[in-house]
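The values are calculated or read from the model by the stated rules, or taken from the named source; none is laboratory data. The shown structure was predicted, so the numbers you read here are calculated from the model rather than taken from an experiment. Cβ placement follows ideal geometry from the backbone for every residue including glycine, while neighbour counts extend to all protein chains displayed. For the accessible areas, the whole protein counts, side chains as well, though only heavy atoms, and no ligand, DNA or RNA atoms are used. Shrake-Rupley method; radii C 1.70, N 1.55, O 1.52, S 1.80 Å.
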Amino acid sequence: MSATVDTLTSNTAYDVSVGAFDAAGNASQQSNVVTFTTPTSGDTQPPTVPGNLRSTSITSNSVSLAWNASTDNSGSIAGYDVYQGTTKVSTTNSLTATITNLTPNTAYTFTVKARDPDGNASGLSNAVSVRTATTGTGGIPQYEKDIARVDLGWSVAFLPDGSGSALVTERDRFEVLLVTAAGQKTTLGKVPGAVTTTGEGGLLGLALSPNFSTDHWVYFYHTAANDNRIVRMKYENGVLASTSEPVLTGLAKNRYHNGGRLRFGPDGKLYATVGDAKNSGNSQNHASLNGKILRLNADGTPPSDNPFFSEGGNARYVYSYGHRNPQGLAWDSRGQLWAAEFGENSQDELNLIQKGGNYGWPACEGTIGDCGGYIAPKRTWSTSQAGPSGVEIVNDWIYIAGVTGQQLWVTQINAAGTGVGTPQAVFSGRWGRLRSVTKTPDGALWVTSTNNDMNGGTPNTIDNYIVRLKFP
């Protein structure tokens, strides 16, 4: 068997694998991955200069910028670089950027250049001069410091002991770390039975029991030999147990679309995001646990007030459906659940989750397709700009870790609680692929980056970090 892919871009890294489908649409596991970089085209013509650079928001410590797209004879733009004076301060593939860690009541000048796939850079855009505000608004965080280097830190959960320490999962090592507020790391052990999919599977989400101080349960979502599953393990007196207890098993796995976020809600129930396992038919099928957000009791039983409990079987666990690969979960001040979702080829999503709601996949991706009768997302991005993974909410500001877009998206829930404002991209390109964002006990944020992975990251270019962000 052979195939030719002829829509690639020059001087660009790709990874390719093959999946098979039977007549019923059931997907196989993906094949091994072939990685390659296309050669340069020999093009020396730079893109056109980005137009109409302008400021769209100014706070005491940040400036948000926007500009019009450049064009290139190759047909594509690889990215944009933002300059503060002569210093490059942001790299992005979108048409917006937010520059942070600025000084209040201070004048700054910015310009932008475009790059094509062969590395040719345009001239500088028009310059924009702004002055930061005197007082802060509290929405845009500032970089404070690096906490620690980790290996693919996928999820973070802070211990409720006042120490400021957190447990961190390492996806591909299957290890659980204890990371202190000062950045000291201790490997507590591995989650037994966790395996990789050489893609998006492995040791993924974790959550602490709402009664952790007395029951000491830590919940994990991981890929196993035959499925994805949720398990729990005891963590007592600084020691992680060597055995796990199944909570929910039988979640279909694949190289891609494994979901994996866990979080306890204000109602004390455990919520889990589960991808469609590369079988889009799972998402609309109540009898499948895949393509869903699930809701469980702490012991793994289905709550009787779940929307499809009366249908029996797997449907008893379903809270919302019609998802492709849902990721981050967070609740606002009203107790409303928000979730991020990876799109296929067109649009990523930020959704306000309704009990029993149908979010349209596979008929509808974002707002594209046959979307009538489905719940529309509150915000969409192109799939090259976001890749939204972890989500956190602080004072009704939503923070979304962007994997593909390599930036942190920030937006505010409106006064009615029914939507959000225009998202702002911050720290664009600074730490690469951002995987999780988690509020700290003292009111800051920890953000993890996962660059040296097997699914789009570039090995040995940017280290994987936990960084601490603070609010002015």
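Rolling a 1.4 Å probe over the heavy atoms of the protein chains gives region 56-189 an accessible area of 40 Å² per residue.
Sequence-distant contacts, meaning Cα pairs under 8 Å at least 6 residues apart, place the relative contact order of region 324-472 at 15 percent.
Spin-label model, A182/N68: points 7 Å from Cα along the beta carbon direction are separated by 5.5 nm. Around the Cα centre of region 41-123, unit charges on the Cβ atoms of Lys, Arg, Asp and Glu (plus for the first two, minus for the last two) sum to a dipole of about 300 debye.
Short to long, the 5 Å bins of the Cα pair-distance histogram for region 244-289 hold 5, 19, 26, 24, 18, 7, 2 percent of all pairs. Probing with 1.4 Å while keeping every protein chain in the model, the per residue accessible area of region 292-380 equals 36 Å². Only Cα pairs under 8 Å and 6+ residues apart enter the sum, and on that basis the relative contact order of the chain stands at 11 percent. Projecting the Cα atoms of A181, S129, S90 onto the charge dipole of region 86-191 (Cβ charges, centred on the Cα centre) puts S129 farthest toward the positive pole.
With all protein chains in place and a 1.4 Å probe, the accessible surface of the chain carries 47 percent carbon and sulfur. Given their separation in residues at 0.36 nm each and the Cα-Cα distance between them, Q29 and D161 gain 43.3 nm when the chain is fully extended.
The stretch between S213 and V239 holds 7.9 nm of extra length on full extension. This uses 0.36 nm per residue minus the Cα-Cα distance.
Dimensions of region 291-363 along the principal axes, based on C-alpha atoms and rounded to the nearest Å, stand at 36, 31, 18, largest first. Placing unit charges on the Cβ atoms of the charged side chains and taking the dipole of the chain about its Cα centre, the candidate lying farthest along the positive direction among G275, Q407, N226 is Q407. Listed cross-link partners K378/K439; K355/K378; K253/K439; K355/K470 are compared with a 25 Å cut-off, the Cα-Cα value being larger for K253/K439; K355/K470. The peptide list 402-410, 390-398, put in order of mean Cβ contacts within 10 Å with the highest first, becomes 402-410, 390-398.
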